[in-house]
Amino acid sequence: MNDENLSDLTILLKQANEAKEIVSTSSLEQKNHALKAAAESINDSRETLKSANDIDMEEASKKDLLDSFIDRLKLNDQRIDSMISGIYKVIDLNDPVGQITNKTTSPSGFLVSKMRVPLGVIGIIYESRPNVTADASALCLKSGNVSVLRGGSEAISSNKAIEQCMIEGLTSAELPKNSIQLLKNQDRALVAEMIKRDKEIDLIIPRGGKNLIQVIAKDSSVPVLKHYDGLCHVYIDEMADFKKAKEIALNAKTYRYGICGAMETLLISEKISSSVILEIINTFKDQKVEIRGCEKTSKNFDISLANEADWTSEYLAPILSIKTVKDVNEAIEHINFYGSGHTDCIVTEDEKAKEVFLRKVDSSSVMHNLPTCFADGFEYGLGAEVGISTDKLHARGPVGLEGLTSEKFIVEGNGQLRA
C-alpha cells in the first residue's frame, strides 16, 4: 500500500472523528430532517441510481460471479423503494440516545442509572449490496454514530450515487457531511489497515461472504459484530399443520436463495406419513430445487444422497438438504451441532414441542410457524438493519438502533463520602 492510499484513509478517519462529537449530541429533529431529505434525494435520483447500477452490472457480467452475488448487486425500482421505505421506518423509530433506565438509589444514598449513548465511529465493510450504503448509514446516523463505509469494487458506482443522496440529507439538516463517508479508494490493503485503527474506529461490521468475515474477525484490532453463515433450518414436527408446513418450508427456501435467512436444511419428523413427505419433496422439485437427502430419505424417495458436508453447507442456491429425525429433541441436537446460530424454526401445533424448541435451540433467532426468511430488521420492526449478529456480546440477531449504542452509568450524589 502506497503512502497516498494510506493518506486517503487517515484523512477520512480524521474527518469522521471530528464529525463524531457533533453527531453524537445532535437532536432527534435534526437527525430525522437529514434522513427525510436523504430519502427524498434517493427518490428524486432514481434514474441516476439505476444508471450507476447499470455500470456496475455491466462490469459484473464480465466476471465469473455467483448468481446470488449478482442478484444482491441489482438495484431496481423495487429495491430503491425498499431503501426509501427503510429510511422512513428509521425516522419513525424512537431515538435511543440519551435514554435513562434502571434508576435506583444505592445503599449509600446516591442515585445510579444508565444512559444509552452512541458507539462513535462505525466502520462497515460490505460486498455487492448497494442498499447497505443507505440502510447502514441511516441507522448509524439515527443512533448518533458516524459511519465509514467500504463497499466492494463491484458496486462502487452505485455506492457513490447513494452516498451523494445521503450527504445531501446531511447538508439539508446542517450536519457535518463527513458524518457519512464512503471509502472510494478500492485498494484492498486499506481494509487490512482500517480494521487495525482501534483508536479511530469503535466497531467494525462486515457484511459479505464467510471468507471476508473470517479474515476481518481474525485480523481486526477493532471489535467486530459478525455472523459467518446463515445455515438455517426448518423442523416439521409430527403435530404440524401440514398445509402450513409445506408453505412455510417452501417460502423459507425460495423467497430468495441468496439471503442469509434462507433455509438450507429441512428436518422432518419420521412419524409424518410418506405421502406428506413426498408431497413436500415434489413441491420443491416443481420449483427446480435440487434435493439431497439423508440415507433414509434418499432411499425412500429416490433423491440424491447427502454427504456430511451438506449438513454444514450454506448453499445460497436452489439446493436443499432433507433429513428425517426421530422427534423434536433429535431436531434440536442436529441444529445445535451443525447450525450456524443464525435462524431456526419449528412448525408445530403442539405447545410442548414448541416450548422445548424455542428454549433449547441456541440461535440468534428461533421461530415458530414462520419461514426463516423473516429474520430481517425490517420485519422485526427495527427499521433497516446493519447486519445480523450470531455473537452473544454485545448484540445478537438483527442489529438495529439499540445494537448501535452502548450504556454508561450515571451516578448522582449530594456530597456523600465513602467511609
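The values are calculated or read from the model by the stated rules, or taken from the named source; none is laboratory data. Just so it is clear, the structure is predicted and the values come from calculations on it, not from any experiment. A quick note on method: Cβ atoms are made from the backbone with ideal geometry, for glycine too, and the neighbour counts reach across all protein chains shown.
Residues in the range 129-164 that are of a type in the set (Val, Ile, Thr) and closer than 17 Å to ARG46 by Cα were compared, and the one that is surrounded by the fewest Cβ atoms within 10 Å (Cβ to Cβ) is ILE156.
Listed here are the residues, each with its yes/no results for (1) surrounded by fewer than 16 Cβ atoms within 10 Å (Cβ to Cβ); (2) modelled with pLDDT under 85; (3) not assigned by TED's automatic domain parsing to the domain that holds LYS89.
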position: GLU379; (1), (2), (3): yes, no, yes
position: LEU382; (1), (2), (3): no, yes, yes
position: GLU385; (1), (2), (3): no, yes, yes
position: SER389; (1), (2), (3): no, no, yes
position: LYS392; (1), (2), (3): yes, yes, yes
position: THR405; (1), (2), (3): no, no, no
position: GLN416; (1), (2), (3): yes, no, yes
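Kindly evaluate ALA262 against the criterion of being closer than 30 Å to LYS14 by Cβ and either not assigned by TED's automatic domain parsing to the domain that holds GLU330 or not polar (S, T, N, Q) (or both). Taking the combined requirement at face value, the residue does not satisfy it. Would you check if there is a residue in the range 37-51 being in contact (Cβ under 8 Å) with a residue 60 or more places away in the chain and farther than 19 Å from GLN164 by Cα? There is no residue in the range 37-51 that is in contact (Cβ under 8 Å) with a residue 60 or more places away in the chain and farther than 19 Å from GLN164 by Cα.
Within the range 9-36, residues that are closer than 25 Å to GLU407 by Cβ reach partners that are basic (Lys, Arg) and assigned to a helix (DSSP H, G or I) with beta carbons closer than 6 Å, at six or more positions or on different chains, in the pairs LYS31/LYS142. Condition check for ALA419 on (1) closer than 30 Å to THR324 by Cβ; (2) among the hydrophobic types (A, V, I, L, M, F, W, C); (3) free of Cβ contacts under 8 Å to residues at least 40 places away in the same chain; (4) in a loop (DSSP other than H, G, I, E, B): one failure, at (1).
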